[in-house]
Structure formats: structure tokens, C-alpha cells
Amino acid sequence: RAKSEGKSTYHFFEASLDEEARRRRQLELDLGQAVREGHFELHFQPLYSMTQQRLKGFEALIRWNHPERGRISPADFIPLAEETGLIIPIGEWVIRQACAQAASWPGDISVAVNISPRQFSSPVLAQTIVQSLAAAGLPAHRLELEITESIFIGNVERTLGMLHGLRTLGVRIALDDFGTGYSSLSYLRSFPFDKLKIDQSFVRDLGNDASAHAIIRAITTLAAALGIETLAEGVELEATMDALRREGCDLVQGYLISRPVPAGAVAALVQQMNGGGALRRASA
Ligand code: C2E
Ligand code: MG
Ligand code: MG
Ligand code: MG
């Protein structure tokens with residue numbers, strides 16, 4: 001009995017593997033089609049300065065509107081895009097589109113773009129950035145690249161060379177999901193990042209966890225000493241924002257300020273949060 005059970009389990013396992021492989025293959029084909037037909041959209045989520053009490057920029061977050069399956073989360077297709085190499089054309093579209101959108105925003109508002117590891121190591125990235133900035137007429141300092149610690153896996157020297165190369169273009173560089181990778185501190189020594197984005201996992205625990213407070217405080221103290229800005233991700237509660245302010249964090253991003261919004265809603269959000277130029281002067 002045990003033997004036949006084992007056998008049927010094996011068949012079941014094999015069948016579900018086939019099923020899984022088929023689903024993956026279909027998603028891959030769909031992703032290729034989405035690239036060719038332009039089924040992507042960018043949403044933008046505000047980055048809010050607690051010290052200046054105003055929006056400083058927006059993070060561009062990709063959305064895939066699948067013709068049959070509806071919206072698919074980037075968490076579900078970016079890894080596949082990385083594996084298949086489709087991240088290169090997708091990432092290029094994101095950079096172009098983000099620059100084009102940001103060019104229509106007020107001059108003090110920047111745009112942040114996520115760069116995945118394979119895209120980062122692509123030799124065409126710098127060229128794509130230069131061309132996108134020029135086509136949009138966007139000054140380089142208004143573009144921020146969000147990279148994760150995983151780009152340091154492998155050839156660290158080469159990674160540092162790439163980072164310095166991008167920096168000479170005049171763009172800003174943020175370290176995303178900070179605290180979730182390995183030996184983060186050594187990277188801080190080897191490259192002058194403009195911003196650390198403290199991962200949501202630390203922020204979420206702030207309410208009831210003394211060690212989360214200690215970690216956030218350590219990060220903001222270290223970053224301040226190094227002249228790096230800090231931003232906390234995933235801020236959903238007023239109490240969390242108050243705690244972050246007390247711990248010396250500079251910026252917040254999260255549903256408390258706003259969910260990611262379509263491009264068409266950005267101007268109204270800036271107006272609402274930062275006011276018009278005349279209004280701002282009148283109240284200052
Ligand atoms: P990320 O770069 O860390 O982006 C932050 C994620 O947190 C976004 O999820 C955002 O919608 C979500 N978020 C923001 N505030 C809150 C909050 O208060 N609570 C909670 N629970 N979540 C919040 P999203 O848009 O689903 O993106 C997930 C990840 O997919 C991103 O993480 C990023 O790694 C990747 N991604 C998104 N767009 C792009 C892109 O254009 N290119 C690349 N390479 N990756 C992208
Ligand atoms: Mg990000
Ligand atoms: Mg992040
Ligand atoms: Mg994240």
C-alpha cells in the first residue's frame with residue numbers, strides 16, 4: 001500500500017510540476033506580448049519629507065494590466081522578467097516613461113525608478129538613462145535610481161564601478177529595502193548613497209517592538225553621520241510616522257500619505273500637499 005501511495009504521490013507531484021511549468025510558460029508568453037503591445041502602466045507613490053512637511057518626489061511602480069487576468073502585481077512578474085531577460089525592455093520603458101512624466105511636474109519634485117539586478121548589470125542602462133533624460137528634458141538630479149543590496153552579489157568591484165559611472169551622470173542613487181540584505185554596512189563604506197530606504201519589515205514592527213526602535217535609531221544615526229537621507233517604507237499609521245520622526249528619520253512613504261496613484265492624479269496630489277507657489281509663500 002505504501003508503495004502504491006508513494007507512486008501516486010509521485011505522479012501527482014509530476015503532474016503538478018507540469019501544471020506549474022505550463023502556467024509559467026504561459027505567463028512568460030503573455031509577458032512578451034505585454035512588452036510588444038504595451039500593457040504596462042506606471043503608478044506613482046509620494047515620498048514625503050517630515051522635516052520640510054512637503055512631497056519631495058514620487059516612486060514609479062509598474063502595473064501590468066493583463067487583458068484576461070486583470071492587474072498582475074510586480075511581485076509576481078518582475079522575478080520572471082528578470083529570469084527571462086524581458087526586464088531589459090520593460091525597465092527601459094519604465095525609465096523613459098518615468099522621465100517623461102516627471103518632466104511635467106514642478107521643478108522640485110523628483111522621480112524614483114526601481115532598477116532590478118539584471119537591468120543594473122546591463123551595459124545599455126547608462127545609455128538608456130542619458131537618452132531618456134534628454135528626450136524628456138529632465139535634469140539628471142531629478143531622477144533617482146533605487147537599487148537593492150543584491151547587486152553586490154558577485155563582482156563587488158564591477159558593481160562599484162557601475163555605481164560610480166551612474167553617479168557621474170548626475171542621477172541620485174538610493175539603496176532600497178535596506179536592512180534585508182547581507183552585510184549592509186560594508187556597502188555604506190564603499191559607496192556614498194544619497195538615500196537609504198528602510199525596509200517595511202522594520203517599520204511595521206515599530207508599534208510594539210523595542211528592538212525595531214533601536215534598529216531604526218541606529219540606521220538614522222549612522223546615515224546622518226554619513227550624510228545620507230533616510231526614508232521609511234510602508235508607513236500606514238500616524239503613530240508610526242510620529243515614532244519615525246522622533247527616531248530622526250527624514251522621509252516617509254506609505255498608505256498613510258497616499259497609495260500609489262495613476263500619472264493623472266500626481267499634479268492634484270502635489271497641489272494638495274505642497275500648495276501653489278503663491279499659497280506656500282503666503283503661509284510661510
Ligand atoms: P519596492 O520598490 O520596495 O516598492 C514598495 C512597495 O510597497 C510597492 O509595492 C508599494 O505599493 C508598497 N507599499 C507602499 N506603501 C505601502 C504601505 O503603506 N503598506 C504596504 N503594505 N505596502 C506599501 P508594489 O507596487 O506592489 O511593488 C512591489 C515591488 O516590485 C517593489 O518593491 C519593487 O521591488 C518591484 N517593482 C515595482 N515596480 C518596479 C519597476 O518598475 N521595476 C522593477 N525592476 N521593479 C519594480
Ligand atoms: Mg523601490
Ligand atoms: Mg522598497
Ligand atoms: Mg520592498
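The values are calculated or read from the model by the stated rules, or taken from the named source; none is laboratory data. All figures in this text were calculated on a predicted structure; none of them were measured in a lab. Glycine gets a Cβ as well: all are built from the backbone with ideal geometry, and neighbour counts include every protein chain shown. With ligands, DNA and RNA removed, areas are computed over all heavy atoms of the protein, side chains included. Shrake-Rupley method; radii C 1.70, N 1.55, O 1.52, S 1.80 Å.
Here are the numbers for the structure shown:
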{"item": "Whichever residue in region 152-186 is within 17 Å of residue 230 (Cα to Cα) and charged (D, E, K, R) and, among such residues, is nearest to ligand 4 (Cβ to nearest atom)", "result": "177"}
{"item": "2 or more residues open to solvent by 30 Å² or more (accessible area, probe 1.4 Å), closer than 30 Å to residue 245 by Cα and at pLDDT below 95: qualifying strands (runs of 3 or more DSSP E) within region 1-93", "result": "none"}
{"item": "One residue from 212, 223 being without any contact (Cβ under 8 Å) to a residue 24 or more places away in the chain and among the aliphatic types (A, V, I, L, M)", "result": "212"}
{"item": "Residue among 176, 199, 194, 205 that alone is free of Cβ contacts under 8 Å to residues at least 12 places away in the same chain and surrounded by 13 or more Cβ atoms within 10 Å (Cβ to Cβ)", "result": "205"}
{"item": "Those residues of region 234-264 which are open to solvent by less than 40 Å² (accessible area, probe 1.4 Å), in a loop (DSSP other than H, G, I, E, B) and within 16 Å of ligand 2 (Cβ to nearest atom), in sequence order", "result": "234, 235, 253, 254, 257, 258, 260"}
{"item": "Answer from 96, 71 - the residue that is touching a strand residue (DSSP E or B) at 6+ places or on another chain (Cβ under 8 Å) and among the basic types (Lys, Arg)", "result": "71"}
{"item": "Given (1) within 16 Å of ligand 3 (Cβ to nearest atom); (2) touching a Phe, Trp or Tyr at 6+ places or on another chain (Cβ under 7 Å), number of the condition residue 159 does not satisfy", "result": "(1)"}
{"item": "Any hit, region 91-106, residues being near ligand 1 (Cβ under 10 Å from one of its atoms), among the aromatic types (Phe, Trp, Tyr) and farther than 25 Å from residue 269 by Cα", "result": "no"}
{"item": "Residue within region 95-104 that is open to solvent by less than 10 Å² (accessible area, probe 1.4 Å) and not in a helix (DSSP H, G or I) present", "result": "no"}
{"item": "Count of region 166-201 residues which are more than 16 Å from ligand 3 (Cβ to nearest atom) and either aliphatic (A, V, I, L, M) or at pLDDT 95 or above (or both)", "result": "8"}
{"item": "Some residue of region 165-181 being of a type in the set (S, T, N, Q) and either on the phi > 0 side of the Ramachandran plot or within 16 Å of ligand 1 (Cβ to nearest atom) (or both)", "result": "yes"}
{"item": "Extreme residue, nearest to ligand 3 (Cβ to nearest atom), among residues of region 120-148 that are open to solvent by less than 10 Å² (accessible area, probe 1.4 Å) and under 14 Å from the mean Cα position of the chain (by Cα)", "result": "146"}
{"item": "So residue 182, is it open to solvent by less than 60 Å² (accessible area, probe 1.4 Å), more than 16 Å from ligand 2 (Cβ to nearest atom) and not acidic (Asp, Glu)", "result": "no"}
{"item": "Of all residues in region 40-98 being of a type in the set (Ser, Thr, Tyr) and touching a helix residue (DSSP H, G or I) at 6+ places or on another chain (Cβ under 8 Å), the one that is farthest from ligand 3 (Cβ to nearest atom)", "result": "84"}
{"item": "Check on residue 231, within 26 Å of residue 115 (Cβ to Cβ) and either of a type in the set (S, T, N, Q) or outside any helix (DSSP H, G or I) (or both)", "result": "yes"}
{"item": "Residue match in region 135-143 (condition: under 19 Å from residue 94 (Cβ atoms), at pLDDT 90 or above and within 16 Å of ligand 4 (Cβ to nearest atom))", "result": "no"}
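For every residue, the table says whether it meets (1) in contact (Cβ under 8 Å) with a residue 40 or more places away in the chain; (2) basic (Lys, Arg).
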residue: 217; (1), (2): no, yes
residue: 228; (1), (2): yes, no
residue: 239; (1), (2): no, no
residue: 250; (1), (2): yes, no
residue: 256; (1), (2): no, no
residue: 272; (1), (2): no, no
